[in-house]
1. Starting from the Cα gyration tensor of the chain, take the square roots of the eigenvalues, sort them a ≥ b ≥ c, and report rounded, prolate or oblate (rounded when a/c is under 1.5, otherwise prolate if a/b is larger than b/c, else oblate).
2. So for Lys156, Lys53, fewest C-beta neighbours within 10 Å to most, what's the order?
3. Of Gly64, Trp8, Ser88, which is farthest on the positive side of the dipole of segment 1-95, counting Cα position, with +1 on Lys and Arg Cβ, -1 on Asp and Glu Cβ, and the Cα centre as origin?
4. Quick check: residue separation of Asn14 and Glu37 times 0.36 nm, minus the Cα distance between them. What number comes out in nm?
5. Quick one: which residues, 5+ away or cross-chain, put their amide H under 5 Å from the amide H of Phe21? H built at 1.01 Å from N.
6. Evaluate the relative contact order of the chain (contact order divided by residue number), counting alpha-carbon pairs under 8 angstrom at least 6 apart; express in whole percent.
7. Of the peptides 2-9, 28-35, 14-21, how do they stack up when ordered by the mean number of other Cβ atoms within 10 Å, highest first?
8. Could you work out the helix-only [θ] at 222 nm for the chain, with each DSSP H run of four or more residues adding -39,500 (n - 2.57) and the total divided by the number of residues, to the nearest 500 deg cm²/dmol?
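What follows is calculated from the coordinates using simple rules that are stated; it is not laboratory data. Since this is a predicted model, take the numbers as computed values, not measurements. We place every Cβ from the backbone using ideal geometry, glycine too, and count neighbours over all the protein chains shown.
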Amino acid sequence: MKFTGRMWIFPDKNINTDQIFPGKYTYDPLTPEQMAEHALEDYLPSFAKEVQKGDILITGQNFGSGSSREQAVTCLKAAGVAAIVGVSFARIFYRNAINNAFPLIPCPEAAQYIFEHADVLKDEKITVNLIDGTIAIKDKTFNFPPLTGEALNIFKAGGLLEYTKKKLAQKK
C-alpha cells in the first residue's frame, strides 16, 4: 500500500479529538460523509472544504489526545485523508485508527524535517509506503516500523469489524 498526496502541515502538539471532531456532534446520528464535513472544524475551520482525497497530514506530538471517540478517525478517513505522519499519536486514537484501517505513521524524524522546512516543502507531494516502511519527500527518505502481526491483519481485512467477520467465518 502506497500513498502519494499533498501535505497538510500541523506542527502543534496535543491536537485533541475535540479539535478533530467537535464534541457537539458526538451524539448526532451522522454518516461518515456527514462527519467529514466537520473534520478539524475546531482546529482549522476551512479544512473540510479544502481537503482532497489522498491528502496526507503531518502532525506534531500526541495527535489525537483527549477522548476515545472513534468519530475523530472516521471523519478524517471519510474526508479523504489517506494517512497521517506524526511525531507521535495518542494511544487510543492510534488503536481506533488500526480498528478502522486508517494509516497512522509515527515517524518523528520525517515530521520534524517537514516542520523545519515547511516553507520550502509546503507545495511538495509526500509518498508513504506502508509495505516497505518508507516516507519519501523530495530527495529525502525516512524509515518507520511497518505494521506487523494482528494489527497488520486487521488493517488488511479493512478494519476490526471485517477482520472479526473473517475469523468467525473460518470457525464454521
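1. Numbers: a/c = 1.83, a/b = 1.16, b/c = 1.58.
It is oblate, given that a/c is not under 1.5 and a/b is not larger than b/c.
2. On the way: Lys156 14, Lys53 9.
Result, fewest neighbours first: Lys53, Lys156.
3. Farthest along the dipole direction, towards plus: Ser88.
4. Details: separation 23, 0.36 × 23 = 8.28 nm, distance 2.18 nm.
So the extension gain works out to 6.1 nm.
5. Leu40
6. Values: 341 pairs, mean separation 40.7, N = 172.
Over the chain, the number comes to 24 percent.
7. Working: 2-9: 16.4, 28-35: 12.8, 14-21: 21.9.
Going from most to least packed, we get 14-21, 2-9, 28-35.
8. -9500 deg cm²/dmol
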